[in-house]
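Below is one structure, written out as structure tokens; the observations come after it.
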Amino acid sequence: MIRIRLPQWPLTVQILVLTLVAILVAQLVTVLAVRIAPVGQPPHYTMAEVAAAFDGSSAANHKRKLTVRHRHALPGELRTANEAGLAAMLADATKRPAADIRIVRRGVPDMVVATSAAATRPPDPRHGTPLGGRPAPPPGDRAGPPPDFGRPPDGPPDGAPPGPPPGQDFGNGPPQGAGPASPGDISEFIAARHEKDGSWTVVEPSPEWEWLRRAVLWIVGGIAVMGPPAWWLARRITRPIRTFAVAADRLGRDPKAPPMPLDGPAEIGVAAGAFNRMQARIQKYVSDRISMVGAISHDLRTPLTRIRFKVENLPDTTRAAILSDVGQMEAMIADVLAFIRDSDMAGAREKLDLASLVACAVDDRAAMGGAVTLSEDETSPVVEAEPVAVRRLIDNLIDNALKYGNAARVSVTVRGDEAVVAVADDGPGLPETELERVFLPFYRFTEDHGDTITGTGLGLAVCRATARAHGGDVRLYAAEQGLVAELTLPVAHAH
């Protein structure tokens, strides 16, 4: 499969581009929604519907219902304004005196966008604004007694029916081209009727929520359009960071791990290069120190051999004491050389069934006559480690339990993300202050009565070094009887 290598732009540039693209796409989605989504005009109500609302009937054929409330006092906007012509028409529809009715028109809500037909509609001759437009007439033009709907002195000829002059619309009905409207149709308004108990019944259209639906559609549309590319770019930005974290964690477990790939943004590339150079320097530093210690330990064998020849003529007691010290020094040197040899010849790490590895070690020690047992458990953790090193570590812990505790009880469990191998013995244990000191190289615990534990003092130090090189650890803690040596190793996760 051909992999397209994208340019390694800096993180700052990538985040800036993502932000600008998100803003641009959001604006385009908004414009598209405004252009495509139908924009409705506010509903118009007849005077009969408004009159019916006073008595509890609702205008069922409208999206915005008429709401009815009972107030002890007249609403403030009706105290200072009243459109007398509309009040007279509503009084006629409710069969009530005009003095009991008050009504005033409101501007079209800002959320409702007027069409071009409404914008080009001829102005209302009384108010100078398009019929049904946003501005409400000045309060001064609304006040005053109801006009005489009879014949004006200079009006139409005798016999004309009473009512408003032909062509004059007392409501803010639908714009031209939006359908026929009866005289007196009204859209945005508030009306009140005075009741016999002194209260007022107030009728007005329910709030306009169309804008909220449109806003939700715009937001959802923007997320749907911008979500996938934003997710892809965010993953592309963060993937090298995750790779960097994995490489840093792997270095702590395996100093000989392969270098980190130089992929991703420019900043990650620079950091990855510095990380790889640091890893190379650490490997060279450790290798030089191990080689130096190995050379010193190897060269120490020569003077020790000469000492052996020189003490041959000494008294037996003195010669035995010196040869005992020389033997211990040679054993220490042998252990150091073995540790260095194992470090230099470390094999490749692989995924191991830790329970099977422990079972093999237990079977081998049991075949040699050791009092070692393995608790049966279905747990079978998988670890990524060097088989020979981990097997030697487990053998060392079991041998210590058999040597100093007369028995070894081994178990394998899983605790969180760690595999745990516990080796318990039946020995006298160690004081609390010695549980950490025994891990020091060449340190050997001396009991109160003067007996010193035999050995070179490198066993536990090598065990802990091997465990920590694999990202785990070895610790000791006291049990009800004896001591427990606990080995922890990270569980291998599937990639």
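The values are calculated or read from the model by the stated rules, or taken from the named source; none is laboratory data. Since we're looking at a predicted model, the values are computed, not measured. Positions of Cβ are generated from backbone atoms using ideal geometry, with glycine treated the same way; all protein chains shown enter the neighbour counts.
Of note:
- When K196 is tested against (1) within 30 Å of E386 (Cβ to Cβ); (2) assigned to a loop (DSSP other than H, G, I, E, B), only condition (1) is not met.
- Residue check for A478: over 14 Å from L430 (Cβ atoms), of a type in the set (A, V, I, L, M), at pLDDT 85 or above and out of contact with any Cys (no Cβ under 8 Å at 6 or more places or on another chain): no
- Here is the figure for the stretch 296-328: residues that are of a type in the set (A, V, I, L, M) and modelled with pLDDT under 80 total 2.
- Selection of the stretch 361-375 for residues being within 17 Å of A422 (Cβ to Cβ) and loosely packed, with under 15 Cβ neighbours inside 10 Å yields T373, S375.
- When the stretch 269-295 is filtered for residues that are over 13 Å from A248 (Cα atoms) and touching a helix residue (DSSP H, G or I) at 6+ places or on another chain (Cβ under 7 Å), the ones remaining, listed by number, are I290, V293, G294.
- When the stretch 292-340 is limited to residues that are of a type in the set (V, I, T) and touching a residue at least 40 places away in the same chain (Cβ under 8 Å), the one that is farthest from A469 (Cα to Cα) turns out to be V293.
Matching residues to (1) at pLDDT 90 or above; (2) farther than 17 Å from V362 by Cβ; (3) among the basic types (K, R):
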| residue | (1), (2), (3) |
| --- | --- |
| E376 | no, no, no |
| L402 | yes, no, no |
| V414 | yes, yes, no |
| D417 | no, yes, no |
| G429 | no, yes, no |
| E434 | no, yes, no |
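Here is a yes/no grid of residues against (1) touching a Pro at 6+ places or on another chain (Cβ under 7 Å); (2) over 15 Å from L357 (Cα atoms); (3) assigned to a strand (DSSP E or B); (4) touching a residue at least 24 places away in the same chain (Cβ under 8 Å):
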| position | (1), (2), (3), (4) |
| --- | --- |
| E376 | no, no, no, no |
| E384 | no, no, yes, yes |
| R391 | no, no, no, yes |
| D395 | no, no, no, yes |
| Y404 | no, yes, no, yes |
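- Any hit, the stretch 298-319, residues being within 30 Å of L489 (Cα to Cα) and surrounded by 13 or more Cβ atoms within 10 Å (Cβ to Cβ): no
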